[in-house]
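To start, the structure under review is shown below, and the notes come after it.
The values are calculated or read from the model by the stated rules, or taken from the named source; none is laboratory data. Everything quoted here is computed from the prediction, not taken from an experiment. Positions of Cβ are backbone-derived with ideal geometry, glycine not excepted, and every protein chain shown enters the neighbour counts. Surface accessibility is based on the protein's heavy atoms, side chains included, excluding ligands, DNA and RNA. Shrake-Rupley method; radii C 1.70, N 1.55, O 1.52, S 1.80 Å.
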Amino acid sequence: MILFVKLLLAHLLADFLLQPNSWIIDKENNKLKSKYLYFHVLLHGVLAATLVGEIAFIPYAAGLALIHGMIDSVKLYFQKKKTKRIWFLGDQLMHLVSLIVIALVYAKPNFENTTLDPRFWIVITGIVFVTFPTSILIKNGISIWTPESKDKGDDSLQNAGNYIGMLERLLIYCFILTGHFEAIGFLLAAKSIFRFGDLKEAQDRKLTEYVLIGTLLSFGIAIATGLLVQYGLLQSL
């Protein structure tokens, strides 16, 4: 585990903290002809080898640097202006996978007779439930009260409300499992403040009631799920 953490730290340092914008621009313009691409790859290898601090790991660090360079090269040649965000996310995901693979190959962990703690499944089930399943339940549950003005002049981000709801439920879920119930009140207060302006300008009582019902249902389900998972964890001890 600590090996992966060290490799991740090396990646974060080399890819973000120690890579100037001038390097990125030069790489995008010159691709494989850019000297900064090779400086960047070398920096990754040196940092990985230094942070791990084991002579036996040097060949693995060199391999990791080579893989990093290959992933970056693919991104540089195939990304377009409109697809930069997607390629950035894919690039980082592939780097993360390479770090995991190198860490596993070097550490050679023994997976025989390895089983996950039952509490893991309880926590994961709760996390999954408070995301998309709960969003669908709430959406269907309050669909009969959908206000007419909700679809008029709506210039909000696509599906933003859905993802905000999932994030707030995940936060509440974490607050309950870590015993910070008071943080739920701060979260509700913060959401109320941000929502106040929208609801005031809407001048629509139905919209206000619709948002309030959805918010209370979202918070209620998240709290109930957190408490049930907490009970399940205690019973599994």
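Explain nothing, just the number: relative contact order of the chain, from Cα pairs under 8 Å at least 6 residues apart, as a whole percent. Before the final figure, lay out each step's value.
Numbers: 155 pairs, mean separation 46.2, N = 237.
Worked out over the chain, it gives 19 percent.
Enter the mean projected area of the convex hull around the alpha-carbon atoms of segment 74-127, in nm², rounded to one decimal.
Numbers: hull surface 25.1 nm².
Seen from a random direction, the Cα hull of segment 74-127 projects 6.3 nm² on average.
Report, in degrees rounded to the nearest 10, the 0 to 90 angle that the Cα long axis of helix 205-235 makes with the longest principal axis of the chain.
Result, in degrees: 60.
What does the charge dipole of the chain about its Cα centre add up to, to the nearest 20 debye, if the Cβ of each Lys and Arg holds +1 and the Cβ of each Asp and Glu holds -1? Don't jump to the answer; show the numbers that get you there.
Numbers: 22 positive and 18 negative charges, 123 e Å.
Charge dipole, the chain, about its Cα centre: 580 debye, nearest 20.
State, to one decimal in nm, how far the label point of residue 162 lies from the label point of residue 92, with both points 7 Å from Cα in the Cβ direction.
In this crude label model, residue 162 to residue 92 measures out at 2.2 nm.
Per the helix-only calculation at 222 nm, which mean residue ellipticity applies to the chain, given -39500 (n - 2.57) for every DSSP H run of n ≥ 4 and division by its residues, nearest 500 deg cm²/dmol?
Working: 10 runs with 176 residues, N = 237.
Estimated from H runs of four or more residues: -25000 deg cm²/dmol.
Counting only heavy atoms of the protein chains, get the accessible area per residue of segment 79-134 (1.4 Å probe) and round it to a whole Å² value.
Details: 4260 Å² over 56 residues.
Accessible area per residue: 76 Å².
Which residues make up the longest stretch of the chain clear of GluC sites (Glu not before Pro) that lie in a DSSP loop with no more than 15 other Cβ atoms within 10 Å, not counting the sites?
On the way: sites that count: 54, 112.
No qualifying site falls inside 113-237, the longest such stretch.
Using a Förster radius of 35 Å, what is the FRET efficiency between residue 187 and residue 115 based on their Cβ-Cβ separation? Nearest 0.05, please. Intermediate values should be presented prior to the final figure.
Details: r = 35 Å, r/R0 = 1.01.
Efficiency, rounded to the nearest 0.05: 0.50.
What ratio of Cα Rg to 2.2 N^0.38 Å holds for segment 26-101?
Working: Rg = 13.2 Å, N = 76, 2.2 N^0.38 = 11.4 Å.
It is 1.16.
Going through the cross-link list 84/139; 6/82; 82/139; 6/81; 33/84, which pairs have a Cα-Cα distance over 25 Å in this structure? It would help to have the intermediate numbers written out before the result.
Numbers: 84/139 33 Å; 6/82 33 Å; 82/139 32 Å; 6/81 33 Å; 33/84 20 Å.
Violating the 25 Å Cα-Cα cut-off are 84/139; 6/82; 82/139; 6/81.
Can you pull the accessible area of residue 98 for me, 1.4 Å probe, Å² to the nearest 10?
Spelled out: residue 98, probe radius 1.4 Å, area about 10 Å².
So if a site counts as exposed when it's one of the chymotrypsin sites (Phe, Trp or Tyr not before Pro), its DSSP state isn't H, G, I, E or B, and it has at most 15 other Cβ atoms within 10 Å, what's the longest stretch of the chain without one? It would help to have the intermediate numbers written out before the result.
Working: sites that count: 111, 181.
Longest site-free region, per DSSP loop and neighbour criteria: 1-110.
For the pair residue 50/residue 140, report the inter-label distance in nm, with labels modelled 7 Å from Cα in the Cβ direction.
Taking the two extended label points, one gets 5.6 nm.
So how much slack lies between residue 9 and residue 231, counting 0.36 nm per residue of separation and subtracting their Cα-Cα distance, in nm? Intermediate results must be reported in sequence, preceding the final value.
On the way: separation 222, 0.36 × 222 = 79.92 nm, distance 3.60 nm.
Gain on stretching residue 9 to residue 231: 76.3 nm.
Out of these labelled values of Rg and Dmax of the Cα atoms in Å, (i) 20.7, 64; (ii) 24.0, 69; (iii) 17.4, 55, which was calculated from the coordinates shown here?
Given (i) 20.7, 64; (ii) 24.0, 69; (iii) 17.4, 55, the structure-derived one carries the label (ii).
Could you give the size of the charge dipole of segment 11-98 about its Cα centre, using +1 on the Cβ of each K and R and -1 on the Cβ of each D and E, expressed in debye and rounded to the nearest 20? Provide the component values of the computation, followed by the final result.
Working: 10 positive and 6 negative charges, 119 e Å.
Roughly 580 debye, rounded to the nearest 20.
For the chain, which whole-number percentage of the solvent-accessible area (1.4 Å probe, protein heavy atoms only) is attributable to carbon and sulfur atoms? Walk me through the numbers on the way to the answer.
Details: 11030 of 15990 Å².
Of the solvent-accessible surface of the chain, carbon and sulfur hold 69 percent.
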